[in-house]
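One structure is given below, encoded as structure tokens.
What follows draws every value from the coordinates through simple rules; no lab data is involved. Owing to the predicted nature of the structure, the values given are computational and were not obtained by experimental measurement. Note: ideal-geometry Cβ built from the backbone for every residue, glycine included; neighbour counts use all protein chains shown.
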Amino acid sequence: MSESKHVTHWIGGKPWDGEAARRGDIYEPASGRVAGTVDFAAQDDVDAAVAAAKAAFPGWRDTSLSKRARILFRFRELMEEHRDELARLISSEHGKVVSDAAGEVARGLEVVEFACGIPHLLKGGFSENVSTRVDAYSILQPVGVAAGITPFNFPAMVPMWMFPVAIACGNTFVLKPSEKDPSASVRLAELWSEAGLPDGVFNVLHGDKAAVDGLLHHPDVKAVSFVGSTPIARYIYETAAGNGKRVQALGGAKNHMLVLPDADLDLAADAAVSAGFGSAGERCMAISVVVAVDPVGDELMAKIRERVAKLKVGPGDDAESEMGPLVTRAHRDKVESYLDGSAAQGATLAIDGRDPDVLGGAGDGFWLGPSVLDHVTPEMDAYKDEIFGPVLSVVRSGSYAEAMELISANPYGNGTAIFTNDGGAARRFQNEVEVGMVGVNVPIPVPMAYYSFGGWKDSLFGDSHAHGMEGVHFYTRTKAVTARWLDPSHGGVNLGFPTSG
Ligand code: NAD
């Protein structure tokens with residue numbers, strides 16, 4: 001058995017050297033063993049992290065755009081060099097397979113690459129002669145200390161939706177990652193340091209609600225970015241906004257995949273299985289509901305069944321594994337409870353993933369194999385709840401109109417996809433559907449870094465999506481300047497409201 005690790009905060013450019021009053025366990029989901037502990041921040045630690053970020057702000061804000069960009073480029077190079085190491089670290093604590101973890105690192109890296117262009121992105125506007133010999137211009141300035149609070153399911157990518165853009169814009173940052181898989185964030189802090197980022201610009205604070213509340217109520221935190229479940233997103237939004245901070249809070253999801261009768265059913269079945277069971281369904285853009293429009297339901301189910309039968313479940317670091325374990329035992333048990341629960345409510349348990357064949361043996365790991373519930377209806381818990389595990393629900397629908405109504409009526413609005421060969425139907429879908437991110441024959445339509453990521457309705461509180469230009473706007477304040485340089489013709493008192501002339 002390998003030795004136990006200890007993960008602590010990263011404050012002011014170095015690991016914290018205090019003694020934590022509270023700690024949490026870090027599990028290795030594939031074996032079920034406790035792999036180590038993580039310190040939980042108390043209010044004093046929150047204050048120390050925010051103070052370090054506040055102290056670093058004036059210097060970082062005034063660092064030239066070229067210097068900031070160069071540090072970002074160096075950070076990008078280091079991440080690239082350490083991509084495999086980061087992926088293995090993520091896999092060991094989260095459970096997802098290493099190739100999938102490498103994918104999340106790659107998608108996070110794309111945001112760093114976007115942020116490398118910050119000199120261009122921060123260009124304001126300039127209008128000469130808005131009035132006689134008066135010029136007007138706008139400048140984008142950082143907001144100060146920004147905080148990021150992130151979920152367990154993407155311990156590298158989701159923080160990287162936030163901090164590359166925040167830091168590039170001249171802010172300093174305190175990250176509160178998930179306590180379930182905290183190591184990747186500390187490794188990222190070390191790489192920042194190696195890239196030459198001044199101490200205090202990027203800090204990591206570990207912990208639970210106490211750490212989060214400390215940040216939400218701290219007067220020196222000016223902006224809060226959150227990604228996690230809907231009830232917590234709503235709480236973060238209300239609390240931080242109530243304290244006068246700007247907030248973007250991304251919540252949970254229930255992503256539907258609509259399959260029309262004219263779709264390529266092999267493509268649709270590949271997509272449903274990949275997007276339903278990749279990362280054991282623990283993705284905010286996972287497909288959790290397939291809506292099959294009559295008469296394709298039975299044929300599609302047969303194709304899904306064929307593909308699920310071939311999936312290999314096993315530890316994340318086994319190159320053969322396609323799907324790993326769930327993140328904790330409690331989460332596995334909760335996800336599993338939907339199988340019997342839904343059957344009791346009238347669904348058909350078409351594929352029961354309990355007691356899966358696990359490569360190398362299941363041991364005490366948090367395993368649940370791919371499971372499919374068929375004939376699910378909107379009243380069932382499996383439909384209403386975000387299960388966040390390898391349980392795919394199939395809803396049979398009589399028509400396109402009925403399916404559209406179902407998808408748009410869902411309280412979540414993160415992602416959705418349509419599978420069809422009819423361009424008109426796809427265009428109508430993208431136009432009408434009440435969901436923020438739409439795929440056309442693409443099951444996981446995660447926007448590129450230069451677009452912005454975010455859902456609608458209960459999947460996002462606030463009006464700003466993550467990264468892309470919306471990220472730049474979120475992490476900057478616009479200042480509009482109107483300037484007149486003295487000219488011999490100036491002068492004279494005028495109490496009227498200024499107008500151009
Ligand atoms: P979570 O909401 O339990 O936790 C998210 C963060 O909030 C963690 O850092 C956690 O420590 C903190 N937190 C938990 N309870 C809190 C409380 N009572 N008060 C203050 N802070 C609290 O989410 P999770 O289980 O880590 O992640 C899975 C969820 O995240 C799913 O709902 C998933 O859909 C969602 N998610 C959404 C997106 C998106 O882009 N919309 C992306 C990834 C994950």
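Points to keep in mind about this one:
- Selected residue (only one of Val259, Val227, Val212, Val273 is within 29 Å of Ser99 (Cβ to Cβ), near the ligand (Cβ under 9 Å from one of its atoms), in contact (Cβ under 8 Å) with a residue 24 or more places away in the chain and out of contact with any His (no Cβ under 6 Å at 6 or more places or on another chain)): Val227
- Checklist (1) touching a Pro at 6+ places or on another chain (Cβ under 6 Å); (2) more than 21 Å from His218 (Cα to Cα) applied to Arg33, failing item: (1)
- Residues of the stretch 446-458 that are surrounded by fewer than 19 Cβ atoms within 10 Å (Cβ to Cβ) and within 24 Å of Gly278 (Cα to Cα): Val446, Pro447, Met448, Tyr451, Trp456.
- Leu89 farther than 24 Å from Ser66 by Cβ and touching a residue at least 12 places away in the same chain (Cβ under 8 Å): yes
- Just one residue in the set Ala184, Ala210 is surrounded by fewer than 19 Cβ atoms within 10 Å (Cβ to Cβ), assigned to a helix (DSSP H, G or I) and aliphatic (A, V, I, L, M); that residue is Ala210.
- Any hit, the stretch 154-169, residues being of a type in the set (A, V, I, L, M, F, W, C), assigned to a strand (DSSP E or B) and within 9 Å of the ligand (Cβ to nearest atom): no
- Against the test of being more than 21 Å from Gly297 (Cβ to Cβ), away from the ligand (no atom under 16 Å from the Cβ) and surrounded by fewer than 15 Cβ atoms within 10 Å (Cβ to Cβ), the options Gly361, Gly346 yield a single qualifying residue, Gly361.
- If you go through the stretch 24-47 and keep only what is surrounded by fewer than 19 Cβ atoms within 10 Å (Cβ to Cβ), in a loop (DSSP other than H, G, I, E, B) and among the hydrophobic types (A, V, I, L, M, F, W, C), you end up with just Ala42.
- Those residues of the stretch 114-132 which are under 16 Å from Arg74 (Cα atoms) and among the hydrophobic types (A, V, I, L, M, F, W, C), in sequence order: Phe114, Ala115, Cys116, Ile118
- Every pair of residues 6+ apart whose Cβ atoms lie under 6 Å, when the first sits in the stretch 452-474 and is free of Cβ contacts under 8 Å to residues at least 60 places away in the same chain while the second is within 11 Å of the ligand (Cβ to nearest atom) and assigned to a strand (DSSP E or B): Trp456/Gly413; Lys457/Gly413
- The helices (runs of 4 or more DSSP H) falling completely within the stretch 53-133 that include 1 or more residues that are more than 27 Å from His9 (Cβ to Cβ) and of a type outside the set (D, E, K, R) map to 65-81, 98-115, 118-121.
- Yes/no for Pro177 being under 16 Å from Ala53 (Cβ atoms) and more than 9 Å from the ligand (Cβ to nearest atom): no
- Of all residues in the stretch 423-438, those that are in contact with a helix residue (DSSP H, G or I) (Cβ under 9 Å, 6 or more places away or on another chain) and crowded, with 23+ Cβ neighbours inside 10 Å total 2.
- On the stretch given as the stretch 219-229, residues that are surrounded by 22 or more Cβ atoms within 10 Å (Cβ to Cβ) and outside any strand (DSSP E or B) total 1.
- Residues that are more than 16 Å from the ligand (Cβ to nearest atom) and closer than 22 Å to Lys384 by Cβ, drawn from the stretch 282-300: Val290, Val291, Ala292, Val293, Gly297
- Residues being more than 26 Å from the chain's Cα centre (by Cα) and among the aliphatic types (A, V, I, L, M) - total across the stretch 325-351: 7
Each row is one residue, and each column tells you yes or no for (1) farther than 30 Å from Leu89 by Cβ; (2) outside any loop (DSSP other than H, G, I, E, B).
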| residue | (1), (2) |
| --- | --- |
| Leu300 | yes, yes |
| Asp317 | no, no |
| His331 | no, yes |
| Ser337 | yes, yes |
| Pro356 | no, no |
| Ala362 | no, no |
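- Every condition in (1) surrounded by fewer than 15 Cβ atoms within 10 Å (Cβ to Cβ); (2) within 16 Å of the ligand (Cβ to nearest atom) holds for Lys334 except the one numbered (1).
- Screening the stretch 1-23 for residues that are surrounded by fewer than 19 Cβ atoms within 10 Å (Cβ to Cβ) and in contact with a His (Cβ under 9 Å, 6 or more places away or on another chain) and picking the one that is nearest to Leu188 (Cα to Cα) gives Pro15.
- Meeting the requirement of 2 or more residues that are of a type in the set (Gly, Ala, Ser), the helices (runs of 4 or more DSSP H) wholly within the stretch 369-457 are 400-409, 423-432.
- Set side by side, the residues Ile139, Ile149, Ile71 differ, and just one is under 19 Å from the mean Cα position of the chain (by Cα) and either among the polar types (S, T, N, Q) or surrounded by 15 or more Cβ atoms within 10 Å (Cβ to Cβ) (or both), which is Ile149.
This table checks each residue for (1) of a type in the set (Phe, Trp, Tyr); (2) within 16 Å of the ligand (Cβ to nearest atom); (3) surrounded by fewer than 15 Cβ atoms within 10 Å (Cβ to Cβ).
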site: Arg396; (1), (2), (3): no, no, no
site: Met404; (1), (2), (3): no, no, no
site: Ile418; (1), (2), (3): no, no, no
site: Asn421; (1), (2), (3): no, no, yes
site: Val442; (1), (2), (3): no, no, yes
site: Leu460; (1), (2), (3): no, yes, no
site: Ala466; (1), (2), (3): no, yes, no
site: Thr476; (1), (2), (3): no, no, no
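- Only one of the numbered conditions (1) touching an Asp or Glu at 6+ places or on another chain (Cβ under 6 Å); (2) away from the ligand (no atom under 11 Å from the Cβ); (3) assigned to a helix (DSSP H, G or I) is violated by Ser279, and that is (2).
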